[in-house]
Amino acid sequence: MTYTIKVKEEIVKTNINEAEKICELSGFLRFSSVIKNNKITVTLENASIARRIYRSLKEIFAIQPKIIIRNQKRFRIKQIYILEISEKVNHILKYLNILENNKKILPNDYFFPTTEEKTAYLQGVFLATGTINDPAKSGYHLEIVTNLNREAIFISNLFKNLGITAKHLKRNSKYMVYIKNAEVIGDIIKMFKAMQSYFYFEDIRIYRDHKNMVNRLNNCEQANQEKSINTGLKQLEDITYLKDNDLYSLLEDSTKIVMDYREKYPEASLKELADIISLETDYKIGKSGVNHHFIKIRNLIKKHKEKNN
């Protein structure tokens, strides 16, 4: 069972009021039904979702949708559930703001007087055509696929009304509304009241964030170590140049101490070198003081090279 199916099965187990059922039905039937010859046909692979839609239609419109169960043999045998609605079709489509005068329409603001009803509509859309990647197996990604650009814009705006930023783009002949922000996807799962799926998602997200943070710290520490080693090697080269060119005697005693300890501890950082010198000698010095001595050394070498040139 995929993570998307787990989320959807948990959603259809939640209790919602009649107004929310109407909004959920509207979103679901718009994106998951075929309307032809005065009949609404919905094809589903999930028994729990089929049961939810069947009950909502029966309770709200007092109709008895026809249920057809077929076995599909493709790699493995699985059942397909087909709901056929042939009663009150025009009334249902108009009531749910899907079709009026044989033209597809989108729900207006009056259809969503509350936040809960906006959520229920998006919940229906997600049940029909939404997917969420399993956070343990791949990147964070939630998407909803539509046939029309105006439907994608409508869904994006509905998310925006709930304080959620969603993007949309054209993919082949369809349009995709998608979200890649992990925290936002978690909020949507929680908004749909799929709490077990939400806790699973958050556990994985926290673990991955912690792992990424540790990796960043390790990479930063490794980069600092490499930087310290490269700095030490360059400073050793400067010390060798001074000695080879009889410039060592021109330096102050404090600078000579720093040079001697650099030769003893070539891989130490400036901070570590300062701490060792302060601990082992009477010369108390900090990181900036050590760096200052090596700046003096570089300036002396620069002047010597310019003079020779």
Legend entry - ³J(HN,Hα), Karplus 6.51/-1.76/1.60, whole Hz, each residue of segment 52-67, x for Gly, Pro: 4, 5, 4, 5, 4, 4, 5, 6, 7, 10, 6, 10, 10, x, 7, 10
Inset, instruction - Considering the options S156, I185, S173, tell which one lies farthest towards the positive end of the dipole of the chain, charges being +1 on Lys and Arg and -1 on Asp and Glu at the Cβ, about the Cα centre. - result: S173
Inset, instruction - Work out the charge dipole of segment 216-308 with +1 on the Cβ of Lys and Arg and -1 on the Cβ of Asp and Glu about the Cα centre, then indicate which of L300, T255, G286 is farthest towards its positive end. - result: L300
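I need the shape label for segment 100-202. Rule: rounded when a/c is under 1.5, else prolate if a/b > b/c, else oblate, with a, b, c from the alpha carbon gyration tensor.
Taking the square roots of the gyration eigenvalues as a ≥ b ≥ c, segment 100-202 is oblate.
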Legend entry - Subset of K78/K103; K174/K211; K243/K284; K36/K137 violating a 31 Å alpha-carbon distance limit: K78/K103; K174/K211; K36/K137
Legend entry - For the chain, calculated [θ]222 nm from helices alone, where every DSSP H run of n ≥ 4 adds -39500 (n - 2.57): -19500 deg cm²/dmol
Legend entry - For H91, H141, H293, order by how many other beta-carbon atoms lie within 10 Å, fewest first: H91, H141, H293
Legend entry - Choice from N245, N161, N15 with maximal GNM fluctuation in the chain (Cα, 10 Å cutoff): N245
Inset, instruction - Mind jotting down the distance between the C-alpha centroids of segment 207-221 and segment 137-178, whole Å? - result: 31
Legend entry - Dipole moment magnitude, nearest 20 debye, the chain about Cα centre, only Lys, Arg, Asp, Glu C-beta charged: 1980
Inset, instruction - Arrange M1, M176, M195 by Cβ neighbour counts within 10 Å, fewest through most, would you? - result: M1, M195, M176
Inset, instruction - Please work out whether segment 216-308 counts as rounded, prolate or oblate from its C-alpha gyration tensor, where a ≥ b ≥ c are the square roots of the eigenvalues and a/c under 1.5 means rounded, while otherwise a/b larger than b/c means prolate and anything else oblate? - result: oblate
Inset, instruction - Divide the volume of the convex hull of the Cα atoms of the chain by its number of residues and quote the answer in cubic angstrom per residue. - result: 245
Legend entry - Average Cα contact separation per residue, the chain, under 8 Å, 6 or more apart, as relative contact order %: 14
Legend entry - Within a Gaussian network of the chain (alpha carbon springs, distance under 10 Å), most fluctuating of R51, R30, R262: R262
Inset, instruction - Take the Cβ-Cβ distance between K73 and M213 as r, set R0 to 45 Å, and report the resulting FRET efficiency rounded to the nearest 0.05. - result: 0.40
Inset, instruction - Using the charge dipole of segment 3-193 (Lys, Arg: +1 at Cβ; Asp, Glu: -1 at Cβ; taken about the Cα centre), state which of L25, N37, I60 has its Cα farthest towards the positive end. - result: N37
Inset, instruction - Using a/c under 1.5 as the rounded threshold, could you call segment 1-144 rounded, prolate or oblate? The axes a ≥ b ≥ c are square roots of the C-alpha gyration tensor eigenvalues, and prolate needs a/b larger than b/c, oblate otherwise. - result: oblate
Inset, instruction - Place a +1 charge on the Cβ of each Lys and Arg in segment 1-116 and a -1 charge on the Cβ of each Asp and Glu, then give the dipole magnitude about the Cα centre in debye, rounded to the nearest 20. - result: 760
Inset, instruction - Return the single residue from Q123, Q64, Q222 with maximal mean-square fluctuation; model: Gaussian network over the chain, springs between Cα atoms under 10 Å. - result: Q222
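Quick note: the coordinates plus some simple rules give every number you see, no bench work behind them. All of these numbers come straight from a predicted model, not from anything done at the bench. Here the Cβ is made from the backbone with ideal geometry for all residues, glycine too, and neighbour counts use every protein chain on show.
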